[in-house]
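The values are calculated or read from the model by the stated rules, or taken from the named source; none is laboratory data. Quick caveat: nothing in here was measured; it's all calculated off a predicted structure. Cβ atoms come from the backbone with ideal geometry, glycine included; neighbour counts cover every protein chain shown.
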Amino acid sequence: MVRTLLHVLKYFLGNEPASTQTTQAERAAVGRYLAGRKCLVEIGVFEGVTTAAIGQGLDEGAVLYGIDPFFAGRLGICWGKLIATREVNRVRSRGRVVFLPKLSYEALSDVPGEVDFVFIDGDHSLEGITRDWSDWSARIVVGGIIALHDTRVSIHHPNTAQLGSFAYFESHIRHDPRFVLLEQVDSLSILQRKSA
């Protein structure tokens with residue numbers, strides 16, 4: 001708790017950046033696929049670094065739904081949500097970012113219709129990624145993008161092979177005939193839906 005409070009204090013004083021598990025190269029890769037997207041979903045906001053990067057690349061009228069349970073700590077405050085909100089508010093966006101403080105499967109009905117971009121960086125357990133893939137891959141329009149974090153071992157994420165997200169990507173997602181793998185950057189895999 002003390003370490004968290006120190007981080008929050010340093011962040012709001014401008015002495016420490018928001019925490020993130022994505023690399024600059026991963027965020028840049030995601031940014032290459034934002035043009036023309038109107039309904040976007042991010043699962044796993046954390047402190048909003050990737051959310052802000054996506055938000056900055058939104059087209060006019062686009063909506064990004066940032067889904068995270070934002071669990072409160074001992075003081076009843078979710079510092080991550082406060083930081084994420086500030087990170088998003090610091091960037092210029094032509095679109096809109098809407099935070100949904102829920103688990104990904106609880107937020108399914110809060111996101112209207114089909115989506116054309118999903119970034120999954122939430123529950124990395126085998127059960128969690130299996131559910132996220134089942135729930136959200138079916139909502140992607142043909143031509144839509146789905147990006148999955150921690151699905152590839154890299155120097156930035158050497159322990160990725162121990163995660164359910166890596167195992168499920170290798171055993172199922174990589175072989176899903178509805179999608180084609182476009183690129184992999186660090187621990188990120190980006191796929192496009194090619195058929196219904």
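Checking E170 against (1) out of contact with any Leu (no Cβ under 9 Å at 6 or more places or on another chain); (2) at pLDDT below 95; (3) surrounded by 13 or more Cβ atoms within 10 Å (Cβ to Cβ), only one condition comes out false. Which one? Checking E170 against (1) out of contact with any Leu (no Cβ under 9 Å at 6 or more places or on another chain); (2) at pLDDT below 95; (3) surrounded by 13 or more Cβ atoms within 10 Å (Cβ to Cβ), the one that fails is (2).
Within the stretch 90-196, which strands (runs of 3 or more DSSP E) (wholly inside it) include 2 or more residues that are β-branched (V, I, T) and touching a residue at least 24 places away in the same chain (Cβ under 8 Å)? Reasoning before the result, please.
Details: elements: 96-100, 115-120, 140-148, 179-185, 188-193.
So the answer is 96-100, 115-120, 140-148.
Name the single residue that is surrounded by the fewest Cβ atoms within 10 Å (Cβ to Cβ) among those in the stretch 56-85 being out of contact with any Pro (no Cβ under 8 Å at 6 or more places or on another chain), free of Cβ contacts under 8 Å to residues at least 40 places away in the same chain and charged (D, E, K, R). Here the answer is E60. Quick one: is G95 surrounded by 15 or more Cβ atoms within 10 Å (Cβ to Cβ) and either touching a Lys or Arg at 6+ places or on another chain (Cβ under 8 Å) or within 22 Å of I140 (Cβ to Cβ) (or both)? Against the criterion (surrounded by 15 or more Cβ atoms within 10 Å (Cβ to Cβ) and either touching a Lys or Arg at 6+ places or on another chain (Cβ under 8 Å) or within 22 Å of I140 (Cβ to Cβ) (or both)), G95 qualifies.
Taking each residue of the stretch 1-19 that is under 13 Å from G80 (Cα atoms) and looking for partners that are among the hydroxyl-bearing types (S, T, Y) and part of a helix (DSSP H, G or I) with beta-carbon atoms closer than 9 Å, six or more apart or interchain, yields P17/Y11; A18/Y11; S19/Y11.
Of the residues making up the stretch 153-171, those that are touching a helix residue (DSSP H, G or I) at 6+ places or on another chain (Cβ under 7 Å) and under 18 Å from E127 (Cα atoms) are T160, G164, S165, F166, A167, Y168.
For the stretch 63-82, the candidate set comprises residues that are of a type in the set (A, V, I, L, M, F, W, C) and in contact with a Cys (Cβ under 9 Å, 6 or more places away or on another chain); within that set, the residue that is modelled with the lowest pLDDT is A72. Annotation: of all residues in the stretch 98-151 being touching a Phe, Trp or Tyr at 6+ places or on another chain (Cβ under 7 Å), of a type in the set (D, E, K, R) and more than 18 Å from L40 (Cα to Cα), the one that is surrounded by the fewest Cβ atoms within 10 Å (Cβ to Cβ) is R131.
Residues in the stretch 24-47 that are part of a loop (DSSP other than H, G, I, E, B) and farther than 21 Å from S125 by Cα: R32, Y33, L34, A35, G36, R37, K38. Residue count for the stretch 116-131, restricted to those that are closer than 21 Å to S195 by Cβ and charged (D, E, K, R): 1.
Selection within the stretch 18-51: residues that are more than 19 Å from R92 (Cα to Cα) and out of contact with any strand residue (DSSP E or B) (no Cβ under 6 Å at 6 or more places or on another chain). The member of this set that is surrounded by the most Cβ atoms within 10 Å (Cβ to Cβ) is T22.
Inside the stretch 64-86, residues that are within 17 Å of the chain's Cα centre (by Cα) and either aromatic (F, W, Y) or assigned to a loop (DSSP other than H, G, I, E, B) (or both) make up a count of 5.
Among the candidates D116, D132, which residue alone is of a type in the set (D, E) and closer than 19 Å to E26 by Cβ?
Details: D116 fails: closer than 19 Å to E26 by Cβ.
Of D116, D132, the one residue that is of a type in the set (D, E) and closer than 19 Å to E26 by Cβ is D132.
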